[in-house]
Amino acid sequence: MADQSAMLDQVRRGMIPAHVYNDQEIFELEKERVFGRAWVFVAHESEIPRPGDYVVRRVLEDSFIVTRDEAGVVRAHFNMCLHRGMQVCRAEMGNASHFRCPYHGWSYRNDGRIVGLPFHKDAYGGEAGFKRKGQRLLPAPNLDSYNGLIFISLDPDAEPLADFLGDFRFYLDYYTKQSPSGIELRGPQRWRIKANWKIGAENFAGDMYHTPQTHTSVVEIGLFREPKAEKRKDGCTYWAGAGGGTTYKLPEGDVDERFRYVGYPQEMVDRMKQVLSDEQLRVVGDDGFMISAASVYPNMSFVHNWPKVADGDDVLPFISIRQWQPISADETEVLSWFAVDAEAPEEFKALSYKAYLMCFGSTGMFEQDDVENWVSLTNTAAGSMARRLLLNSRMGLLEDGSEVVPALTPEQFHGPGVAHTGYGEYNQRELLNRWADHLEQPVTAPSVMEVGRADQVVRVQGQEVPTLPAAA
Ligand code: FES
Ligand code: FE
């Protein structure tokens with residue numbers, strides 16, 4: 001793209017060429033330069049708790065079998081048969097010690113190694129023609145996890161996941177480590193929307209500004225305790241490492257009272273106090289900010305909210321994890337999981353699930369409002385006029401680049417990164433700045449990996465786990 005660097009400079013100034021939300025050429029670049037190198041969330045370890053459990057997930061067009069092998073090691077195999085390329089596993093999820101290709105019947109253990117090849121002797125002259133030893137399904141170039149969240153990178157030289165996430169790990173803990181047992185997931189619900197994938201990621205990262213307008217009706221019917229959506233500006237947005245999010249400002253109280261205010265029973269608060277750091281507790285207890293929605297670059301988001309789930313004023317929190325899986329420049333598959341502390345009381349889990357379904361998920365009230373906007377935006381971005389329009393994403397900045405409201409001081413906000421109160425598009429700009437940095441750098445074409453290569457780097461919480469022997 002000839003004028004690409006001028007275009008990306010505009011993005012870095014917070015002026016977004018409108019066509020980036022529906023442009024085939026940009027999408028091709030994103031495939032290679034964003035999704036070819038970033039760490040992309042695929043599954044949570046609680047989805048595959050036992051040896052043999054697997055889920056099939058994608059990084060763009062690449063399908064992976066994410067499975068726990070017989071030794072308990074989490075692996076991700078490229079879901080394509082070594083013979084003629086058939087998709088080896090066609091189910092969405094299940095438990096299997098082996099995967100047999102439906103086309104000609106080659107079979108693989110759940111650690112990826114090939115074990116069965118029909119008519120091996122007649123067809124290949126046995127080992128003389130095709131050595132089975134050491135042959136395995138192609139591993140994901142990189143696999144790593146944090147708090148059970150499993151990520152894949154298609155870049156064999158990707159920086160470690162912990163470095164990629166950086167200080168956003170501090171905030172990930174609120175969603176994924178409320179007790180020593182971590183979270184369990186339900187889902188995902190999946191559906192497709194005719195909208196560009198970046199819009200949802202930006203919205204969840206920092207768009208507190210749309211709540212009073214887009215979601216007026218949800219607030220007016222009394223689903224929330226806060227009578228006015230405008231209250232959102234009292235919260236802050238924060239950005240750290242690969243992600244950022246929004247918060248709500250809580251009424252006066254100590255850390256216990258503030259977690260209880262959003263509906264956590266005391267026994268859950270007690271467990272959070274065991275596992276969260278002093279600084280993490282201070283953000284809630286001293287600073288008075290409760291974590292709400294967030295996004296991790298490029299396409300993962302979180303929700304934490306606390307609607308009323310029954311008559312009366314009691315609220316109850318829910319957590320949702322979601323992914324904006326690009327299908328094309330103008331279509332996204334949404335994957336939406338319900339997440340809950342594995343040690344939460346059963347009654348809490350049931351009500352929290354109900355709260356999630358009411359708000360988000362394919363029939364959620366927020367979801368419906370949001371998607372209407374995003375589809376409309378994507379449609380309008382396809383035409384020739386959109387190529388002449390720079391969208392203004394400079395909220396919170398004055399003309400000279402200084403900030404309308406200065407960032408919170410470390411005494412006002414004890415989390416890492418930079419935080420601001422008031423309305424601002426700080427996080428949308430951060431997200432698109434990372435996108436611009438990736439889009440600018442060509443990817444060195446990945447070499448054809450030798451079939452049967454067994455040197456996949458596998459890390460769990462930063463610790464390398466043993467790879468398979470070269471020959472089985
Ligand atoms: Fe899989 Fe032939 S394509 S066995
Ligand atoms: Fe919304």
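The values are calculated or read from the model by the stated rules, or taken from the named source; none is laboratory data. Fair warning: this is a prediction, and the values are worked out from it, not measured in the lab. Ideal geometry is used to build each Cβ from the backbone, glycine not excepted, and the neighbour counts take in all protein chains shown.
For the reader, a short list of remarks on this structure follows.
- Selection status of Arg132, more than 14 Å from ligand 1 (Cβ to nearest atom) and either touching a helix residue (DSSP H, G or I) at 6+ places or on another chain (Cβ under 9 Å) or closer than 23 Å to Phe35 by Cα (or both): no
- The numbered conditions (1) hydrophobic (A, V, I, L, M, F, W, C); (2) surrounded by fewer than 20 Cβ atoms within 10 Å (Cβ to Cβ); (3) under 30 Å from Tyr426 (Cβ atoms) are all true for Ala310 except (3).
- Pick from the range 105-132, criterion in a strand (DSSP E or B) and buried (at least 19 other Cβ atoms within 10 Å of the Cβ), ranking: farthest from the chain's Cα centre (by Cα): Ile114
- Where a residue in the range 182-197 is crowded, with 20+ Cβ neighbours inside 10 Å and its partner, wherever it lies, is among the basic types (Lys, Arg), with Cβ under 7 Å and at least six apart: none
- Checking the stated criteria, Trp337 turns out not to satisfy the condition of being away from ligand 1 (no atom under 16 Å from the Cβ), closer than 15 Å to His215 by Cβ and modelled with pLDDT of 95 or more.
- Ile193 vs. criteria under 21 Å from Val55 (Cβ atoms), touching a helix residue (DSSP H, G or I) at 6+ places or on another chain (Cβ under 8 Å) and not hydroxyl-bearing (Ser, Thr, Tyr): no
For (1) touching a strand residue (DSSP E or B) at 6+ places or on another chain (Cβ under 9 Å); (2) at pLDDT below 95; (3) over 27 Å from Leu165 (Cβ atoms), each residue gets a yes or a no:
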{"position": "Asp3", "(1), (2), (3)": "no, yes, yes"}
{"position": "Gly14", "(1), (2), (3)": "yes, no, no"}
{"position": "Arg37", "(1), (2), (3)": "yes, yes, no"}
{"position": "Pro49", "(1), (2), (3)": "yes, no, no"}
{"position": "Gly52", "(1), (2), (3)": "yes, no, yes"}
{"position": "Ser63", "(1), (2), (3)": "yes, no, no"}
{"position": "Val74", "(1), (2), (3)": "yes, no, no"}
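- Applying the condition of being of a type in the set (D, E, K, R) and in contact (Cβ under 8 Å) with a residue 40 or more places away in the chain to the range 382-428 and asking which residue is surrounded by the fewest Cβ atoms within 10 Å (Cβ to Cβ) yields Arg387.
- Count - residues of the range 206-222 that are more than 12 Å from ligand 2 (Cβ to nearest atom) and either on the phi > 0 side of the Ramachandran plot or surrounded by 20 or more Cβ atoms within 10 Å (Cβ to Cβ) (or both): 1
- Where strands (runs of 3 or more DSSP E) fall wholly inside the range 22-95, the ranges with 1 or more residues that are over 19 Å from the mean Cα position of the chain (by Cα) and within 16 Å of ligand 1 (Cβ to nearest atom) are 74-78.
- The residues of the range 133-152 that are under 20 Å from Met80 (Cα atoms), part of a strand (DSSP E or B) and over 13 Å from the mean Cα position of the chain (by Cα), listed by number, are Arg136, Pro139, Asn142, Leu143.
- Selection status of Phe151, in contact with a helix residue (DSSP H, G or I) (Cβ under 8 Å, 6 or more places away or on another chain), more than 16 Å from ligand 2 (Cβ to nearest atom) and of a type outside the set (Asp, Glu): yes
- Gly235 meets the conditions (1) buried (at least 17 other Cβ atoms within 10 Å of the Cβ); (2) under 23 Å from Arg282 (Cβ atoms); (3) free of Cβ contacts under 8 Å to residues at least 40 places away in the same chain in every case but one. The failed one is (3).
- Any hit, the range 183-202, residues being within 15 Å of ligand 2 (Cβ to nearest atom), closer than 19 Å to His420 by Cβ, assigned by TED's automatic domain parsing to the domain that holds Glu333 and modelled with pLDDT under 90: no
- The residue that is farthest from Val303 (Cα to Cα), among those in the range 359-394 that are more than 16 Å from ligand 2 (Cβ to nearest atom) and of a type in the set (A, V, I, L, M, F, W, C), is Met385.
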